[in-house]
Every structure is written in C-alpha cells, then in structure tokens.
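J.: Once you've had a glance at the structure underneath, I'll fire off some questions.
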Amino acid sequence: MQFVKDLDTPFLRLSRHGDVWSARHAANGTHIWGLPGAGKTSLAQWLAGAYMRAGCGGYVTAAKFDVISQWLGYGRKHGRSNSIVLLDENEGFNFVEYLMARYGVDGIGSVVESLMGVIDASRRASGTASQRGGEIFWEDSSRNALRYCLPPIFSATGTLTIPDILRFITTAATSLEQAASAEWQRSSFMFRMLKLAAERPKVRLTEAAMQNIVNFWREQWIAIPDKTRGNIVITIGASLDRFLHGRLNKFFCGKTTIVPEMSFHGAVLVDAKPTLTWGSDGAIAQQLFKNIWQKSVLARNSLEPKHQERILFQWNDEAQETVAPYDGEFLGLARESKTCVTNITQTLPTYFAKIGGDNPRDAAQALAFKFGAHLFCTNSCPETNEMASRMCGKVLTRRSNFSEGISQSFNEGMSAGNSQNTGSSSSYGSSSGQGYSFNSNSGSSTGAGNNWGDSRGRSSTDNVSRGYSESMEFAIEPGDFARCLKSGGPQNGNRVTAVWFQAGRRFNATGTNFLITEFAQ
C-alpha cells in the first residue's frame, strides 16, 4: 500500500484557519492528559486514525485488554487489518538470540545493557527501583559478571539463551580448590562452556578475549567475598528467572517469529500482554520489547534507504504502566528517525511512582517536557492543571477601575459673655519756704459690658476617579481545565474539547501557542 514519506504531510485539520497537525509536528512528540472519562480515548482515536491512514508502521503498548480490540478496530476502519500484528503467546521473540545475531561478540556491551534493562524493569515492577546506597555497586557488579559470561557461551554454542546464562553463573567456581577439583569440572556447566570455547568453538574468540574471560572467573570472581558474590548471583537470578517459566519463557526464550524491524515496512506491532492482566510480567515484557524496538528504530538510519522511508509511531496508552528511564532519551532522538511518539496518561503524578531513578519527580517532568505538543482534556489534578497553565503562558491583562464618593459636613455654634471693672485713686502733698501750699485729688471709675455671638456653616464635596492597571496573568487559569472543557456524552452533545498546546508555534485561529479543539466522540 501507499504510505506517507514527507514529514510535512498534514495528518489532521485543527481549525478553519489553516491550522493542521502534520507528520513533522507528530515527530516532535504528542502527549494527551485527562482524568478517566475525560474523553482521552475519543481524542486519541483521531490521532491513531491519522497514523493508520498514512500507512505508518508502529509499536503499541497495552495496559488494558481493550487496547487490543481498539487497534484491531482501527485496522478494519482504515483498511489496515493485515498490518496489525499481535505480540501474544502465539508469537515469539528470542531477544538474547536476536541481539547476539545483530551485534555479534564485538557488540556484547549492547546485549549486556538489554539484560540490565530487564533487571531494572524487574526492580521497578516490584517497587524496589529506588537508588539506595550501594545499589549502583550491585548494578556494576552484575553488569561485569554478564559481560564475562555471555561471550564464552556464544562462542561454545553459537547461540545464547537465558537458561544457559543462569546455569553458567550459578555453576562458577567459588575457590581455587574447587576450580582444580575434577568433580567440579565434570559437573560444572561453566567449565564445559569455557572448554568448548577454547578448544572447539562455534564462534571463535580472540586469544586476548579468551584470556580475559578465564582470568575474570579464575581470579576476580573467586576473590569476591562469599556474601557479596551470593548477592550478585541473586540479583541476576531473581530477575532472569522469570524467563524460565510460563508465558515469558514461551515468548522470549523459544523460536523467533517477530522482530522489531517489521514495523519499518508497515507492521503495527500491538503488544498483547496487558499489564492489568499479565501483571508485572506484562510490564517487564513490554518494557523489554519497547527498549529493543526503540534502539532498532534509532539505528535504522544506517540501513538502506528503503528501510528509512516510512514514518513510524510509538503509542503508549496508560503510559505510566510501561514507562522506563530510556523513554526520555528516545523521545529526544526519535524525530531524526521519522518516529512519532504518543503518550496518554491521566496526570503528571502518575509517572512519579513508576518511572524510578534517584528523583522520580524530576525524571517524570523531564520526560513530559520533551513532548512538543500537549493535549489537555478536563482534569481535576491541580499539579497537572498548573503545568498546563504554565505551558500556555501568561499574557498582559488590563483591568479598569472606577470609584465615586460624596462627602458632606455641617457645623453650628453660639457664644455669650459679660465684663465689669471698678477702680479709685488719691494723692496728697505739702511744701514750705517762701510760701505755703497744700493740694489733694481723688478719683474713681466703674464700667460694665456684655457680648453675644452665633456661627453656622455647611460644606459638601463630590469626587469621581477612573483608571486602569496592567499585570501579567495566566492565559488559561488552572481551574479552567477542571470546569470549562467538554468530556463527551449526551450532556455535551457527544463532543470532546481539549486545549491543544504546541511549543514554538503560533496558531492562526488564536495567534497564540494554543487553541481549543473539539472532536466528535
């Protein structure tokens, strides 16, 4: 069938003003957020339909069983039924054999890292993935043991299986005396593999490589204290033992019928091991296959052009169930391999408990913020809604103000008073000489007065003031994500609305980096 090659091909029309969601936009990553029943699935079907109509190949993780039926339905609806491949118990992917065939002995480090990914996934599935003191030591020790375990098995047998890896490590000598014992040499699987690799190899190792292997098991391994060595064996054995039994053994340790590269040519690989029915085995299985698929996709640019043309997608519904530390790194590189990553989850905190690492909050935010587009459905999570508001940003808001007042005053007063004064004076005098004189005088005065006054006054004042103030405020308040978006159903006319945010873009319909889109349920 025909398929899209050009990243500028429109996938969806978002508005009547020429706004589209193209393959290039999708290659920057798309994340859908919303509480249960908010319409995420209704919205997601439009994105999934776009991938299917464009002829994309892809890989789909599944947390719930109904994801399988959904994608089978997408295949029928868009004429891609033959493209849907279910990764269930009827198929097989011997990942160790696949990795050895792909990388060879010279790429043993890549195989070891995949096995370390299984160990890490097992810890996270069991809730023991936090980095406590000394855990890095156990990881490095386990990695070292695997690095010197895989090459001799592959050299001796020409293949590699998880049961052989476990048998090799658990039958290693723990002392020089045991290594020299004829009884141990007869019964030890490790000794038999080393002997075959040295004398009758299916894949020959260099003399230097073989000597390094022998030295590690004869000197370094034996020198490790018994308790420490036992913990290393337990770390590896407890994680890989899952693959010795039941469904994981059948899918990952038998015959290979499916490889990641099938998606390069249009296959949509739906991982039919839902975590809600397979439990921790389902989470480990999907994280393992997803990691190998991601690395295969990133490496396809080194292949012939015919393997690079088709646009791919990775789809993670209930993404928190299969999230892994490598997801963020892959998302940052996926665009170069024409791969569109779509994650769907409820809230930001749902990632915190699942992603693991030293600081799961920082790791979850680092993953979320690498997506170029975010579709926010109705949500009751304050943290997620605040993140959405911060993404959409702030705008300059002008608010007017008005005040009016009237004041009045009145005063009235009265004053009254009287005054009275009296007084008298007298003087006498005499003189002698040529004449005689005598004088006297006297006087008196009296007076009275009164006064009275009255004062009154009144004043009034009217005042009116108008103005405005400017401030930076959220373009969409956090609370709006909880009260203003439609979540489908008859009460909303079977319509779902979402805030579609896209970094580095100005939508024609709004002139901003977001718009409110509406989809039929």
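The values are calculated or read from the model by the stated rules, or taken from the named source; none is laboratory data. In this text the structure is predicted, and so the values were computed from the model without any measurement. Cβ placement follows ideal geometry from the backbone for every residue including glycine, while neighbour counts extend to all protein chains displayed. The protein model used for the area step is the full one, side chains on, heavy atoms only, and it has no ligands, DNA or RNA in it. Shrake-Rupley method; radii C 1.70, N 1.55, O 1.52, S 1.80 Å.
J.: Taking θ = phi - 60°, what integer Hz values does the Karplus form 6.51 cos²θ - 1.76 cosθ + 1.60 yield along the range 283-293, in sequence order, with x for Gly and Pro?
T.: Computed from phi, the couplings for the range 283-293 are 5, 5, 4, 6, 5, 5, 5, 4, 4, 5, 4 Hz.
J.: Taking only protein heavy atoms and a 1.4 Å probe, what accessible area per residue, in Å², does the range 10-52 have with all protein chains in place? All intermediate terms of the calculation are to be shown ahead of the outcome.
T.: Values: 1460 Å² over 43 residues.
Spelled out: the 1.4 Å probe surface of the range 10-52, per residue, equals 34 Å².
J.: Quick one: which residues, 5+ away or cross-chain, put their amide H under 5 Å from the amide H of Phe11? H built at 1.01 Å from N.
T.: For Phe11, the qualifying residues are Trp21, Ser22, Ala23.
J.: Just to make sure I understand: if all protein chains stay in place, what is the order of His25, His265 by accessible area at 1.4 Å, largest first?
T.: Details: His25 45, His265 100 Å².
Ranked from most to least accessible, the order is His265, His25.
J.: Can you pull the one-decimal nm distance between simple spin-label points at Arg483 and Asn215, each 7 Å off the Cα toward Cβ?
T.: In this crude label model, Arg483 to Asn215 measures out at 7.2 nm.
J.: Right, something else. Label points 7 Å out from Cα along the Cβ direction at Phe65 and Ala180: separation in nm?
T.: That separation, rounded to one decimal, is 6.1 nm.
J.: Now for a different question. Return the lysines within reach of Lys370: Cα separation strictly under 23 angstrom, same-chain partners fewer than 8 residues apart disregarded; answer none if there are no such residues.
T.: Lys40, Lys290, Lys295, Lys338, Lys354, Lys394
J.: For the residue pair Ala101 and Glu518, what label-to-label distance in nm results when each label sits 7 Å from Cα along the Cα-to-beta-carbon direction?
T.: Result for the modelled spin labels: 5.3 nm.
J.: Let me ask something else about it. Taking 0.36 nm per residue of separation and subtracting the Cα-Cα distance, what length does fully extending Asn249 through Glu404 add? Before the final figure, lay out the partial values.
T.: Numbers: separation 155, 0.36 × 155 = 55.80 nm, distance 8.17 nm.
Contour length minus Cα-Cα distance gives 47.6 nm.
J.: Something else now. Rounded to the nearest Å, what's the spacing between the alpha carbon centres of the range 101-125 and the range 47-80? Just the number, please.
T.: Taking the Cα centre of each part, the range 101-125 and the range 47-80 sit 29 Å apart.
J.: Ordering Thr461, Thr342 by how much accessible area each has at a 1.4 Å probe, largest first, what is the list?
T.: Order by accessible area, largest first: Thr461, Thr342.
J.: Moving on. If R₀ is 45 angstrom, what is the calculated FRET efficiency for the pair Ser187 and Thr256, using the beta carbon separation as r and rounding to 0.05?
T.: Computed FRET efficiency for Ser187 and Thr256: 0.90.
J.: List the chymotrypsin sites (Phe, Trp or Tyr not before Pro) within the range 320-372 that fall in a DSSP loop (any state other than H, G, I, E or B) and whose Cβ has at most 15 other Cβ atoms within 10 Å.
T.: Values: sites: Tyr326, Phe330, Tyr351, Phe352, Phe369, Phe371; in loops: Phe369, Phe371.
Listed in order of number, the matching sites are Phe369.
J.: What's the extension gain from Ile136 to Gln491 if we count 0.36 nm per residue and subtract their Cα-Cα distance?
T.: Details: separation 355, 0.36 × 355 = 127.80 nm, distance 5.38 nm.
Full extension of this stretch gives 122.4 nm more.
J.: What's the ranking of 15-21, 331-337, 493-499 by average number of surrounding C-beta atoms within 10 Å, highest first?
T.: Working: 15-21: 14.6, 331-337: 16.7, 493-499: 19.4.
Sorting 15-21, 331-337, 493-499 by mean packing, highest first, produces 493-499, 331-337, 15-21.
J.: Would you pull out the residues with amide H under 5 Å of Ser380's amide H, same chain only if 5 or more places away, H placed 1.01 Å from N?
T.: Under 5 Å from the amide H of Ser380 lie the amide H atoms of Leu35, each far enough along the sequence or on another chain.
J.: Right, something else. Hey, can you rank 472-485, 146-159 by average C-beta count inside 10 Å, highest first? List each step's numbers first, then the result.
T.: Working: 472-485: 16.4, 146-159: 21.1.
Ranking the peptides 472-485, 146-159 by packing returns 146-159, 472-485.
J.: Compute, for Ser175, the solvent-accessible surface of its heavy atoms (probe 1.4 Å) with the complete set of protein chains present, and express it in square angstrom to the nearest 10.
T.: Ser175 exposes around 30 Å² with every protein chain in place.
J.: Let me ask something else. Calculate the FRET efficiency for Lys77 and Glu336 from the Cβ-Cβ distance with a Förster distance of 30 Å, rounded to the nearest 0.05.
T.: Numbers: r = 31 Å, r/R0 = 1.03.
Given R0 = 30 Å and the Cβ-Cβ separation, E is 0.45.
J.: Moving on. Mind ranking Asp241, Asp106, Asp358 by accessible surface for me, highest first, 1.4 Å probe?
T.: Details: Asp241 65, Asp106 155, Asp358 125 Å².
Descending accessible area places them as Asp106, Asp358, Asp241.
J.: Next up: Give me the number: length gained by fully extending Tyr326 to Met1, i.e. 0.36 nm times residue separation minus the C-alpha to C-alpha distance, one decimal in nm. Don't jump to the answer; show the numbers that get you there.
T.: Values: separation 325, 0.36 × 325 = 117.00 nm, distance 3.27 nm.
Gain in length upon complete extension: 113.7 nm.
J.: Here's another thing I want to ask about it. For the pair Thr159 and Arg53, what calculated FRET efficiency results from E = 1/(1 + (r/R0)^6), where r is the Cβ-Cβ distance and R0 = 51 Å, to the nearest 0.05?
T.: On the way: r = 41 Å, r/R0 = 0.81.
For Arg53 and Thr159, the calculated efficiency is 0.80.
J.: Leaving ligands, DNA and RNA out of it, work out the accessible area of Thr41 with a 1.4 Å probe and give it in Å² to the nearest 10.
T.: Its heavy atoms expose roughly 70 Å² to the probe.
J.: Work out from phi, with θ = phi - 60° and the Karplus expression 6.51 cos²θ - 1.76 cosθ + 1.60, the ³J(HN,Hα) of each residue of the range 179-195, listed in order in whole Hz, and give x for Gly and Pro.
T.: 4, 8, 6, 5, 5, 5, 5, 6, 9, 7, 5, 4, 4, 5, 5, 4, 5
J.: In debye, nearest 20, what is the charge dipole magnitude of the range 319-388 about its Cα centre with +1 on Lys and Arg Cβ and -1 on Asp and Glu Cβ, if you could check? Before the final figure, lay out the partial values.
T.: Values: 5 positive and 8 negative charges, 41 e Å.
Roughly 200 debye, rounded to the nearest 20.
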